[in-house]
Amino acid sequence: MAYYSIFPEKDTTIYSHPDRTNMNTGRDEILELVEEKSNTGETYFTSRILMKFKNIDIKDVIENKLSGVAKEVTSNNLKICLNLYSTEHKQLANSHVIEAFPLSQSFNEGTHRYESNPPFIASGSLQAANGATWVHRTELTSSLWDTTNFNSQATGSYTFQAGGGAWYIGSDFRGENSFFENDNLDLDIDVTSIIQKFSSSFYTSAVYPDAITNNGFIIKKPSSVEEDSLSYGELSYFSTNTHTVYPPKLTFKWDDSSYSHSGTTLTSGDIFLSLYNNKSEFQRKSKQRFRLTTRKRYPDRTFVTSSNFLNVQYLPETSYYSVRDVETDEVIIPFDTEYTKLSANSDGMYFDLWMEGFQPERYYKLMFRVDNNDGINIYDEDYFFKIVR
């Protein structure tokens with residue numbers, strides 16, 4: 001499979017507003033990037049998102065899912081994107097820039113929610129909030145976010161309210177997504193170089209700047225935006241605790257296609273496409289190879305001694321697959337002309353899917369795209385399958 005997704009181990013929003021600096025929201029279904037106005041002046045206080053994916057999940061993709069040159073984990077042959085899916089936004093400005101950096105300190109998610117958090121620090125060694133807040137990384141009152149004396153090439157803090165995370169900086173430690181108000185507001189941030197730093201820490205003895213420990217990501221607006229005197233509205237995204245089909249994910253993309261055959265390539269005309277080994281249900285831990293039968297819907301008239309329907313025919317190399325959620329019609333894997341190419345061998349057209357990259361107990365639909373002499377052709381033949389635990 002040329003697309004494979006893993007889901008977060010933990011995520012939370014931390015708030016710099018004076019009423020919420022000690023508030024944990026680890027179990028909220030929503031993650032927020034907001035600027036909240038001060039109770040006493042014109043200062044707008046920002047929020048930031050923390051998110052972490054398990055080392056074991058990242059290593060499993062690298063060791064067991066990637067194929068060919070993609071195993072090198074470089075931006076030349078692999079693209080890794082951090083995806084968050086938008087929910088209800090409010091009072092948005094015309095344009096936005098969202099950044100992602102690797103955290104230089106670890107955090108605990110916590111189990112509180114926005115409406116139920118204690119607004120104070122308890123006495124003793126434990127704070128009332130049992131996870132990350134704007135001030136603390138964990139439930140311990142001693143676990144303050146760095147605000148000075150950062151690790152090498154790390155930074156953090158916030159002019160209006162000290163705290164809010166600490167992260168590495170530099171071109172290899174930053175991903176960005178920019179968009180306008182009327183654009184798709186989902187986040188799709190290229191973090192390939194950051195995951196490369198994580199992977200180097202798994203497999204080599206390298207240290208910064210070649211490798212860093214995976215403490216997770218911080219997702220935020222640029223400091224120049226966070227610290228100006230304007231509000232850019234509320235950007236809201238589903239968290240890993242959502243009960244929808246839109247949890248955040250880390251998506252690995254690579255080209256695993258192989259196109260080699262000596263048969264007839266169908267470059268135009270009315271093409272019939274059939275998926276002939278769809279079992280309708282697949283175990284989540286399985287990998288499935290789907291095969292396509294392709295031929296002209298109305299074969300040319302010729303004098304032959306065998307049926308035209310027995311000949312293996314092929315789609316052009318510019319052919320792709322896509323996967324959608326049946327209930328919501330959400331595109332899970334798009335027609336990606338670089339990473340969802342169909343393959344071909346002597347037995348016909350095919351493609352592979354790792355079922356573990358999908359959410360279980362849901363139905364998915366396969367669609368196909370063929371770019372040929374007639375233009376771009378989309379095939380939706382109602383081919384469904386379900387992932388079961």
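Treat every Asp and Glu Cβ in the chain as -1 and every Lys and Arg Cβ as +1, leave all other atoms uncharged, and give the resulting dipole magnitude about the Cα centre to the nearest 20 debye. Working shown, then result.
On the way: 37 positive and 52 negative charges, 269 e Å.
Dipole magnitude for the chain comes out near 1300 debye.
Putting +1 on Lys and Arg Cβ atoms and -1 on Asp and Glu Cβ atoms, find which of S236, S322, F101 reaches farthest to the positive end of the dipole of the chain.
Of S236, S322, F101, it is S322.
Given H placed on each backbone N at 1.01 Å, which residues far from T141 in sequence or on other chains put an amide H within less than 5 Å of it?
Hits under the 5 Å cutoff: L126, Q127.
Using the charge dipole of the chain (Lys, Arg: +1 at Cβ; Asp, Glu: -1 at Cβ; taken about the Cα centre), state which of C81, L33, N345 has its Cα farthest towards the positive end.
In the chain, that residue is N345.
Going by alpha carbons, how many degrees (0 to 90, nearest 10) lie between the helix axis of 192-203 and the longest principal axis of the chain?
80 degrees
Could you grab the relative contact order for the chain? Cα pairs under 8 Å, six or more apart, rounded to a whole percent.
Working: 943 pairs, mean separation 81.5, N = 389.
The normalised contact order for the chain reaches 21 percent.
For the chain, modelled as a Gaussian network with Cα springs under 10 Å, which listed residue fluctuates most, N151, N184, N108?
Maximum among the listed residues: N184.
Report relative contact order for the range 169-289 in percent, whole number only (criteria: Cα-Cα under 8 Å, sequence separation at least 6). Intermediate results must be reported in sequence, preceding the final value.
Working: 42 pairs, mean separation 13.5, N = 121.
Dividing the mean separation by the residue count of the range 169-289 yields 11 percent.
With point charges of +1 on the Cβ of Lys and Arg and -1 on the Cβ of Asp and Glu, referenced to the Cα centre of the chain, which listed residue (I219, T294, F53) lies farthest in the positive direction of the dipole?
T294
Given a 10 angstrom Cα cut-off, can you work out which residue in K341, K287, K79 is the most mobile in a GNM of the chain?
The residue that fluctuates most here is K287.
Run the accessible area of the chain with a 1.4 Å probe and give the carbon-and-sulfur part as a rounded percent.
Numbers: 7850 of 17720 Å².
Here it works out to 44 percent.
About the Cα centre, and with charges only on the beta carbon of Lys, Arg (+1) and Asp, Glu (-1), how big is the dipole of the range 238-288? Nearest 20 debye, please. Could the numbers behind the result be given before it?
Values: 6 positive and 4 negative charges, 72 e Å.
In debye, rounded to 20, the range 238-288 gives about 340.
So with the 1.4 Å probe, I'd like the accessible area per residue for the range 82-206, rounded to whole Å².
Working: 5870 Å² over 125 residues.
Computed with neighbouring chains in place, this is 47 Å² per residue.
Select from F45, F272, F238 the residue whose mean-square fluctuation is largest in a Gaussian network model of the chain (Cα-Cα springs shorter than 10 Å).
Of F45, F272, F238, the Gaussian network model singles out F272 as fluctuating most.
Modelled label-to-label distance, N377 and K287, 7 Å Cα→beta-carbon offset: nm?
Rounded to a tenth, the inter-label distance reads 3.1 nm.
Nearest 500 deg cm²/dmol is fine: what mean residue ellipticity at 222 nm does the chain get from its DSSP H runs of n ≥ 4 alone, each adding -39,500 (n - 2.57), divided by its residue count?
-1500 deg cm²/dmol
Amide H neighbours of S104 under 5 Å, at least 5 residues apart or on other chains, H built in the peptide plane: list them.
Distant-sequence amide H within range of S104: A166, W167, Y168.
The values are calculated or read from the model by the stated rules, or taken from the named source; none is laboratory data. The structure displayed is predicted, hence computed values, not measured ones. Glycine also receives a Cβ, built like all others from the backbone with ideal geometry; neighbour counts cover every protein chain displayed. Surface accessibility is based on the protein's heavy atoms, side chains included, excluding ligands, DNA and RNA. Shrake-Rupley method; radii C 1.70, N 1.55, O 1.52, S 1.80 Å.
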